[in-house]
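Okay, structure first, notes after.
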Amino acid sequence: MGIPKEYDEAAIIEGAGYFTIWWRIILPLSKAALGVVAIMFLHLSLNVFQAPLIYLNDTIQSSHFRSACPCSVRPLAARPGTCTWRRRLS
């Protein structure tokens, strides 16, 4: 499933270059898929900052602290290729 090759071939016959084919044919036909990818990326990246707010204790009275906490939790996230389960579970 994808964009048919006939569109590319017809554009080449008409004299369009590779960039024109990409810009005027392929990109407009794949806008919906690119939109879904962008929405999912935004949703997953914002979910990382919402999780600490769920686990925070409600006894903390300062809303300023609760909004700043996800920013301070971010450095504890694992770097790619490293496992920090011992630090997280201790």
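A few comments on the model shown:
- Net charge of Cβ neighbours under 12 Å - reference Gly17; Lys, Arg +1; Asp, Glu -1: -1
- Fewest neighbouring Cβ atoms within 10 Å first, the residues Ile3, Ile25 line up as Ile3, Ile25.
- Extension gain for Glu14 to Ser45 (0.36 nm times residue separation, less C-alpha to C-alpha distance): 6.9 nm.
- Footprinting exposure proxy ranking of Tyr18, Tyr7, fewest other C-beta atoms within 10 angstrom first, gives Tyr18, Tyr7.
Values in this text are rule-based calculations from the coordinates and carry no lab data. Computed from a prediction, not measured in an experiment: that's the story for all the values here. Virtual Cβ from ideal backbone geometry, glycine too; neighbours counted across all protein chains shown.
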